[in-house]
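The values are calculated or read from the model by the stated rules, or taken from the named source; none is laboratory data. Quick caveat: nothing in here was measured; it's all calculated off a predicted structure. As a convention, Cβ positions derive from the backbone with ideal geometry for all residues, glycine included, and neighbour counts pool all protein chains shown. When the accessible area is computed, the model is the full protein with side chains, heavy atoms only, and any ligands, DNA or RNA have been set aside. Shrake-Rupley method; radii C 1.70, N 1.55, O 1.52, S 1.80 Å.
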Amino acid sequence: PQKFAEFITSLCKELESIVKESFGVFDKFTGDGILAFFPEFFSGEDAGFFAVKAAERCHKAFSDKYRGFRSSFT
């Protein structure tokens with residue numbers, strides 16, 4: 001349980017950073033994903049682009065983080 005908690009905590013922090021760096025609003029970790037918003041009034045006219053780019057980065061971050069913690073899931 002401790003290793004899983006470390007994985008989830010570090011993953012969530014990284015995903016939150018990605019969303020914020022992409023001009024998005026990080027709402028919460030939902031247990032099996034995250035909830036983030038990219039409203040035009042906050043993210044600007046390119047909100048759609050920022051959302052897609054953040055999603056791409058988040059998927060990569062998950063893959064990298066999972067690979068790093070893979071030995072914890074035996």
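Per-residue answers, yes or no, for (1) modelled with pLDDT under 95; (2) more than 11 Å from the chain's Cα centre (by Cα):
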{"site": "G33", "(1), (2)": "yes, no"}
{"site": "P39", "(1), (2)": "no, yes"}
{"site": "G44", "(1), (2)": "no, yes"}
{"site": "F49", "(1), (2)": "no, yes"}
{"site": "K53", "(1), (2)": "no, yes"}
{"site": "C58", "(1), (2)": "no, no"}
{"site": "F62", "(1), (2)": "no, no"}
{"site": "S71", "(1), (2)": "yes, yes"}
{"site": "T74", "(1), (2)": "yes, yes"}
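Only one of the listed residues (K13, K3) is within 11 Å of the chain's Cα centre (by Cα), open to solvent by 70 Å² or more (accessible area, probe 1.4 Å) and either modelled with pLDDT under 95 or within 26 Å of T74 (Cβ to Cβ) (or both). That residue is K13. Any idea which residue in region 16-65 is surrounded by the fewest Cβ atoms within 10 Å (Cβ to Cβ), counting only those that are within 20 Å of Q2 (Cα to Cα) and in contact (Cβ under 8 Å) with a residue 40 or more places away in the chain? Among those that are within 20 Å of Q2 (Cα to Cα) and in contact (Cβ under 8 Å) with a residue 40 or more places away in the chain, it is F62. The residues of region 1-57 that are under 30 Å from S71 (Cβ atoms) and touching a Gly at 6+ places or on another chain (Cβ under 6 Å), listed by number, are A36, A54. Scanning region 29-46 for residues that are part of a helix (DSSP H, G or I), touching a strand residue (DSSP E or B) at 6+ places or on another chain (Cβ under 9 Å) and of a type outside the set (S, T, N, Q) yields a single hit, F42.
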